[in-house]
Structure formats: C-alpha cells, structure tokens
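Take this structure, written in structure tokens, and hold onto it; I'll ask about it next.
The values are calculated or read from the model by the stated rules, or taken from the named source; none is laboratory data. The structure displayed is predicted, hence computed values, not measured ones. Cβ coordinates were reconstructed from backbone atoms using ideal geometry, including for glycine residues, and neighbour counts include every protein chain displayed.
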Amino acid sequence: METISQLFESISIFRLEELPFVVIALVLAFTVHEFAHAYVAYKFGDTTAKDQGRLTLNPIQHLDPIGTILILVAGFGWARPVPVNRSRFKNPRLAGVLVSVAGPLSNFLIAFIAFGIFYFFVGVTGVSGIPPFVIDLLQMIVELNVLLFVFNLLPFPPLDGYRIIEDLSPNHVRAKLSQYEQYGILLFLILVITPLDEYTIWPFLQVGMNATSQAFSIIFTTIFSIFS
C-alpha cells in the first residue's frame, strides 16, 4: 500500500488519503455547476441543454473523464460544457450574463453551505465531537468550490468570467473579442499549464480564495454571536 501511495502522490497534487474527499467534492462541484448553467438557460427559453439531457443532477451527464482525471493529477481540469444557444433568449445580453454567473455562483453557494454546516458542528459539539472524515470532507468541499468559484470568474476564454465580459460589452467590442478569442484561449492554457501560473493566475486565485473564506468566517461568526 505504501508503494501505491507513493506512486499516486508522485503524479498527483493530492495525497492518496484525500482522494475519496476530492472525488466527492469534485463530482458535487462539477455537477451542480453545469446543472446551474442548464437550468438558468432553460428558464430563459433555451431548451438546448434540456434536449441533450443536461438539465439533470446526474453526474454522468456532466463529467468529462479526461478533465476529471487531469484535475486529480494536475489540479487543472474541466467538466463537459453545457451547450447554450443565446439566439433563443428573449433578452440575450441579460440572459447570457445570468447563465454565465449561475455556474460560479452555484460553487459559491455549495462552499457557503458546507462552511456553515462545519461552523455549526464546531459551535455545537466542538471539533472533538465531529468524526474526522466529516471535517475532511467539509473542508475539501469548501476549498474546491471556493477555488472553482474564483477560477471560473477569471476573464479568460473559455471561462465564465470571459463570457460575462463578452455579454456586457458593446457590439463592436464583442466583435473584437470574438476575433481574438482563440489567442486568448492559447494564452490561458500557457498560463495554466506552465510555471507562469505561479506569477500570474495563482496569486489572483489566492487573493480571491482568502477573501471569500474570510467573508464566510465573518458572516457565520456574526450569525452565531447573535443567536448564542
């Protein structure tokens, strides 16, 4: 078993004992994220995702095998993007922004709820009264969903943050963005898969993750101080 553990940890950014919690957290995060896109698009009149069986919380419909494996190994991966036909929206700009926001917002809400459950358990029973695996699972759910929330708001194609900027931009700006989108994707991949991420993307992620976690802590500390 020690050999298997060492082999896994030599190719992955996670420890072997973390793997069950990582898998559960990722399946939850990816599934709800893509479902949120599909659901909001459907509510605004686009049935494309529903017609393709994506308006579901079934993880099989949303997980991409290669993207899931890569995130376990390299810390960078993806789910199957939900198809969206913006021409079906009655108000394409507003609907487009809300569809794009829905994904990251769903990860924010998952992290918020998991953080609240953890805070409640600690406040009521103390850390010693919580099974260690529950603590590990809740922490992993919070960490990965906060990471996905911040990461997906980065203004690079094909992330949701870029789509939000695209939908908010005037037509002439959108035309320019579309013209250079392929180069933006290439730049994004270079920044993510090379050591450059330590000096570009990762510092922004750290700031965003720390700010989000601090906001959670302040909110729940305030809530529990009021009701305690």
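Taking the residues in the range 183-228 that are hydroxyl-bearing (Ser, Thr, Tyr) and more than 23 Å from the chain's Cα centre (by Cα) as candidates, determine which candidate is surrounded by the most Cβ atoms within 10 Å (Cβ to Cβ).
Taking the candidates together, the pick is 221.
Evaluate the following for residue 15: is it under 28 Å from residue 201 (Cβ atoms), out of contact with any strand residue (DSSP E or B) (no Cβ under 9 Å at 6 or more places or on another chain) and either surrounded by 14 or more Cβ atoms within 10 Å (Cβ to Cβ) or not small (Gly, Ala, Ser) (or both)?
yes
Those residues that are loosely packed, with under 10 Cβ neighbours inside 10 Å and either under 19 Å from residue 95 (Cα atoms) or of a type in the set (D, E, K, R) (or both), I need them from the range 168-182; list them, please.
Within the range 168-182, 170, 171 qualify.
How about the range 43-66: which of its residues are part of a helix (DSSP H, G or I) and surrounded by fewer than 20 Cβ atoms within 10 Å (Cβ to Cβ)?
If the condition is that a residue be part of a helix (DSSP H, G or I) and surrounded by fewer than 20 Cβ atoms within 10 Å (Cβ to Cβ), then 43, 48, 50, 51, 59, 60, 61, 65, 66 are the ones that fit.
Taking the condition of being in contact with a His (Cβ under 6 Å, 6 or more places away or on another chain) and aromatic (Phe, Trp, Tyr), how many residues in the range 31-72 meet it?
Result for the range 31-72: 0.
For residues that are touching a helix residue (DSSP H, G or I) at 6+ places or on another chain (Cβ under 6 Å), closer than 23 Å to residue 56 by Cβ and among the β-branched types (Val, Ile, Thr), scanning just the range 67-121, find the one that is surrounded by the most Cβ atoms within 10 Å (Cβ to Cβ).
Among those residues, the one meeting the criterion is 99.
In addition: Does the range 193-214 contain at least one residue that is closer than 24 Å to residue 158 by Cα, of a type in the set (Phe, Trp, Tyr), assigned to a helix (DSSP H, G or I) and touching a residue at least 40 places away in the same chain (Cβ under 8 Å)?
yes
Same structure, new question: Under 6 Å between Cβ atoms, which residue pairs at least 6 apart in sequence (or on different chains) link something in the range 65-80 that is over 12 Å from residue 23 (Cα atoms) and at pLDDT 80 or above with a partner that is of a type in the set (Phe, Trp, Tyr) and part of a helix (DSSP H, G or I)?
Close Cβ pairs satisfying both conditions: 79/30.
Report yes if some residue within the range 172-182 is part of a helix (DSSP H, G or I), modelled with pLDDT under 90 and aromatic (Phe, Trp, Tyr); otherwise report no.
Scanning the range 172-182 turns up at least one residue that is part of a helix (DSSP H, G or I), modelled with pLDDT under 90 and aromatic (Phe, Trp, Tyr).
Does the range 67-75 contain any residue that is part of a helix (DSSP H, G or I), over 28 Å from residue 139 (Cβ atoms) and of a type outside the set (Asp, Glu)?
Checking the range 67-75: not a single residue is part of a helix (DSSP H, G or I), over 28 Å from residue 139 (Cβ atoms) and of a type outside the set (Asp, Glu).
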